[in-house]
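S.K.: Structure incoming, see below.
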Amino acid sequence: MSTTETRDAAGTTTGPAAVDMGLEVVVIPVADVDRAIDFYRRLGWRFDGDFRDDDGFRGIQFTPRGSGCSIQFGTKVTPAEPGSAQGLHLVVSDIEAARADLVARGVDASEVYHCVSGYACRFPGNDPPVPGPHPDRGTYGSFVSFADPDGNGWVLQEITTRFPGRVDGDTTYPSEAELVQALRRAAAAHREHEARTGGTDADWPAWYARYLVREQSGEQLPA
């Protein structure tokens with residue numbers, strides 16, 4: 001086994017270098033593969049493929065819209081009991097619009113709910129959920145639950161601003177519309193920046209980029 005070490009400016013060894021590990025796939029157990037395919041197609045998720053071999057293996061992959069992580073299920077994929085995957089989270093920016101989309105697709109989704117305090121009510125065995133979105137639409141605080149035909153449980157969680165340190169330089173947007181809204185917020189903030197400085201900022205692209213990255217990572221926005 002080998003490790004990679006890093007050195008500081010003085011040439012001192014500082015220990016193993018951290019290696020990025022992006023979550024790529026979550027495997028979910030299902031009893032009826034074709035039924036599961038129909039369900040996840042109905043969600044509007046991208047169908048990535050149906051992979052088979054001569055030994056009875058069959059692997060299906062779907063990717064939720066706006067997600068960098070996919071799901072896989074199939075035959076001879078996992079020994080887990082069908083329906084045993086629970087608490088699978090999907091992040092949305094508008095919880096009510098997301099629920100309306102699920103319902104329009106024929107999904108039996110819960111009403112929007114929030115917790116009396118904290119975020120634990122979305123998991124069994126904790127305080128019961130309270131109907132309706134978080135009172136002040138606090139980020140991370142509003143939820144919708146639904147399940148696939150096997151009972152694998154999904155949770156929609158509304159996130160409008162990331163907690164500090166939760167995103168480290170990987171700035172992505174799930175759709176063109178969300179990027180447009182982020183650019184509009186950056187433009188409005190940049191106008192205020194120019195008003196404070198009393199001049200035109202010729203390096204506005206760098207300012208916009210800094211704003212977009214910091215907004216997603218939860219860091220202090222540029223002034």
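The values are calculated or read from the model by the stated rules, or taken from the named source; none is laboratory data. Keep in mind that this is a model prediction, so the values were computed, not measured. Cβ placement follows ideal geometry from the backbone for every residue including glycine, while neighbour counts extend to all protein chains displayed. Remember, those area values only see protein heavy atoms, side chains included, never the ligands or the DNA or RNA. Shrake-Rupley method; radii C 1.70, N 1.55, O 1.52, S 1.80 Å.
S.K.: Taking residue 125 as meeting all but one of (1) within 22 Å of the chain's Cα centre (by Cα); (2) in a loop (DSSP other than H, G, I, E, B), write down the number of the exception.
M.R.: (1)
S.K.: Of all the residues that make up region 195-223, how many are free of Cβ contacts under 8 Å to residues at least 24 places away in the same chain, under 18 Å from residue 173 (Cα atoms), of a type outside the set (A, V, I, L, M, F, W, C) and surrounded by 10 or more Cβ atoms within 10 Å (Cβ to Cβ)?
M.R.: 2
S.K.: Can you work out which of the residues in region 136-145 that are open to solvent by 10 Å² or more (accessible area, probe 1.4 Å) and not basic (Lys, Arg) is nearest to residue 43 (Cα to Cα)? Working first, answer last.
M.R.: Residues of region 136-145 that are open to solvent by 10 Å² or more (accessible area, probe 1.4 Å), as a first pass: 136-140, 145.
Subsequent filtering for residues that are not basic (Lys, Arg) retains 136, 138-140, 145.
Numbers: 136: 29, 138: 26, 139: 24, 140: 22, 145: 14 Å.
Among those that are open to solvent by 10 Å² or more (accessible area, probe 1.4 Å) and not basic (Lys, Arg), it is 145.
S.K.: In region 87-109, which residue that is farther than 11 Å from residue 133 by Cβ and charged (D, E, K, R) is least open to solvent (accessible area, probe 1.4 Å)?
M.R.: Within region 87-109, the match that is least open to solvent (accessible area, probe 1.4 Å) is 101.
S.K.: Further question: Which residues, counting only those in region 23-64, are assigned to a loop (DSSP other than H, G, I, E, B), open to solvent by 70 Å² or more (accessible area, probe 1.4 Å), of a type outside the set (A, V, I, L, M) and touching a residue at least 40 places away in the same chain (Cβ under 8 Å)?
M.R.: 24 - this is the single residue of region 23-64 that is assigned to a loop (DSSP other than H, G, I, E, B), open to solvent by 70 Å² or more (accessible area, probe 1.4 Å), of a type outside the set (A, V, I, L, M) and touching a residue at least 40 places away in the same chain (Cβ under 8 Å).
S.K.: If you don't mind, another one. Can you spot a residue in region 103-116 that is without any contact (Cβ under 8 Å) to a residue 12 or more places away in the chain and either among the β-branched types (Val, Ile, Thr) or under 26 Å from residue 40 (Cβ atoms) (or both)?
M.R.: Of region 103-116, the ones without any contact (Cβ under 8 Å) to a residue 12 or more places away in the chain are 103-104.
Next cut, either among the β-branched types (Val, Ile, Thr) or under 26 Å from residue 40 (Cβ atoms) (or both) only: 103-104.
Yes - at least one qualifying residue is present in region 103-116.
S.K.: Can you tell me which residue among 167, 213 is closer than 30 Å to residue 86 by Cα, in contact with a Ser or Thr (Cβ under 7 Å, 6 or more places away or on another chain) and at pLDDT below 90? Quick ask: steps written out before the conclusion?
M.R.: Values: 213 fails: closer than 30 Å to residue 86 by Cα.
The conditions single out 167.
S.K.: Pairs under 9 Å by beta carbon, first residue closer than 12 Å to residue 113 by Cβ and among the β-branched types (Val, Ile, Thr) in region 142-159, partner open to solvent by less than 10 Å² (accessible area, probe 1.4 Å) and not in a strand (DSSP E or B), six or more apart or different chains?
M.R.: 144/95
S.K.: What about residue 112, is it under 27 Å from residue 31 (Cα atoms), surrounded by 16 or more Cβ atoms within 10 Å (Cβ to Cβ) and in contact with a strand residue (DSSP E or B) (Cβ under 6 Å, 6 or more places away or on another chain)? First the steps, then the outcome.
M.R.: Numbers: under 27 Å from residue 31 (Cα atoms): no; surrounded by 16 or more Cβ atoms within 10 Å (Cβ to Cβ): yes; in contact with a strand residue (DSSP E or B) (Cβ under 6 Å, 6 or more places away or on another chain): yes.
Considered against the rule, which asks whether it is under 27 Å from residue 31 (Cα atoms), surrounded by 16 or more Cβ atoms within 10 Å (Cβ to Cβ) and in contact with a strand residue (DSSP E or B) (Cβ under 6 Å, 6 or more places away or on another chain), residue 112 comes out as no.
S.K.: Here's another thing I want to ask about it. Taking interchain pairs and intrachain pairs at least six residues apart, which have beta carbon atoms under 7 angstrom, with the first residue in region 72-100 and closer than 27 Å to residue 31 by Cβ and free of Cβ contacts under 8 Å to residues at least 24 places away in the same chain and the second open to solvent by 50 Å² or more (accessible area, probe 1.4 Å) and among the hydrophobic types (A, V, I, L, M, F, W, C)?
M.R.: 76/57
S.K.: Restricted to region 65-86, and to residues that are part of a loop (DSSP other than H, G, I, E, B) and open to solvent by less than 30 Å² (accessible area, probe 1.4 Å), which residue is farthest from residue 149 (Cα to Cα)? Outline the logic, then answer.
M.R.: Taking region 65-86 first, the residues part of a loop (DSSP other than H, G, I, E, B) are 65-69, 76-86.
If we keep only those that are open to solvent by less than 30 Å² (accessible area, probe 1.4 Å) as well, we get 69, 83, 85.
Numbers: 69: 21, 83: 8, 85: 12 Å.
Checking each candidate, the answer is 69.
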